[in-house]
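First comes the structure, then the notes that go with it.
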Amino acid sequence: MKELEDYDWFPDVLRRQQTSFIGWMVQLFRVYRDIPLLMNQHLKSSALQHITDMGSGSGGPVPQLSGHPLFKDSRFVLTDLYPHSNISLPESCHYLNDPVDARVCEAVPGSTITFFNTFHHFSLEEQKGIITRQLSRGHSLLVAEILTPDLWCTLRIMLATTLGQVLFAPFVKPFQWSRLLFTWIVPVNLITVTWDGLISVWKSPGSLRRQQLKSHAEAIGAHGIWVQAGSALLPVQVFLCTAVSDH
């Protein structure tokens, strides 16, 4: 089962409102605040010079993370299968205008590929294919998932996508009158974002899936490690893999 935003027929205006709402909430609660430290601990400094983000949506967390001192000399490329490039970005960030399929993308050799809350969009076999393709090309990989398939996460997402949308609609940046229309007047967003949120929870990596991905990375000669970041209230499961050529 796929999220609505993964279908070509899904209206672009709703997809952008969904991705920008999620991105704004992530920034508001600083969900990925521990990511720079984890990258510094587990990845080579050379792998941080060029970072390509997959599934950037309406910007995601990369523009905010790019301001961390660790990334003062880094260059970021943002990509998406349904790109939304008309957004304001820091000088170190560039959003590709053309659609990019994360399963077959190319990146600067020796760079790091990141997936922020997007890896669950792919099947297990597609995830393994991405790991094999990127690590065998000398890239490093970071996967950060804010969802886990459990009751607590389900309740949290239900609250955020229903009451959260109603309360925060006027404050989400960039401000859009259409967001108020589709949240307050004709509450389409309350249906579509909640549906996609619940599907995402059910598809998110549990302990078995995490072990399968770690074992797959090790089977192809790479090193993979899952660590938990964030807080008890907003935990983040982070998968870091170093390039095959580094071992």
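The values are calculated or read from the model by the stated rules, or taken from the named source; none is laboratory data. Because the structure is predicted, anything quoted here is derived from the model rather than measured. Quick reminder, even Gly has a Cβ in these numbers, built from the backbone with ideal geometry, and neighbours come from all protein chains shown.
Some points to look at:
- Check on residue 18, under 18 Å from the mean Cα position of the chain (by Cα), outside any loop (DSSP other than H, G, I, E, B) and modelled with pLDDT of 95 or more: yes
- Just one of the listed residues (208, 142, 124, 181) is out of contact with any Leu (no Cβ under 6 Å at 6 or more places or on another chain) and within 27 Å of residue 87 (Cβ to Cβ), and it is 181.
- Within region 130-138, not a single residue is in a loop (DSSP other than H, G, I, E, B) and among the β-branched types (Val, Ile, Thr).
- Residue in region 103-124 that is under 27 Å from residue 211 (Cβ atoms) and acidic (Asp, Glu) present: no
- Filter pass, residue 143 being surrounded by 13 or more Cβ atoms within 10 Å (Cβ to Cβ) and closer than 16 Å to residue 16 by Cα: no
- Evaluated against (1) assigned to a loop (DSSP other than H, G, I, E, B); (2) touching a Ser or Thr at 6+ places or on another chain (Cβ under 7 Å); (3) of a type in the set (A, V, I, L, M, F, W, C), residue 201 falls short on exactly one condition, (1).
- Residue match in region 140-157 (condition: more than 26 Å from residue 231 (Cβ to Cβ) and assigned to a loop (DSSP other than H, G, I, E, B)): no
Residue-wise test of (1) surrounded by fewer than 17 Cβ atoms within 10 Å (Cβ to Cβ); (2) in the same structural domain as residue 233 (by TED's automatic domain parsing); (3) farther than 22 Å from residue 229 by Cα; (4) of a type in the set (Gly, Ala, Ser).
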{"site": "7", "(1), (2), (3), (4)": "yes, no, yes, no"}
{"site": "20", "(1), (2), (3), (4)": "no, no, yes, yes"}
{"site": "35", "(1), (2), (3), (4)": "no, yes, no, no"}
{"site": "43", "(1), (2), (3), (4)": "no, yes, no, no"}
{"site": "53", "(1), (2), (3), (4)": "no, yes, no, no"}
{"site": "56", "(1), (2), (3), (4)": "no, yes, no, yes"}
{"site": "67", "(1), (2), (3), (4)": "yes, yes, no, yes"}
{"site": "72", "(1), (2), (3), (4)": "yes, yes, yes, no"}
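- Test: residue in region 198-215 that is exposed (fewer than 14 other Cβ atoms within 10 Å of the Cβ) and among the aliphatic types (A, V, I, L, M): yes
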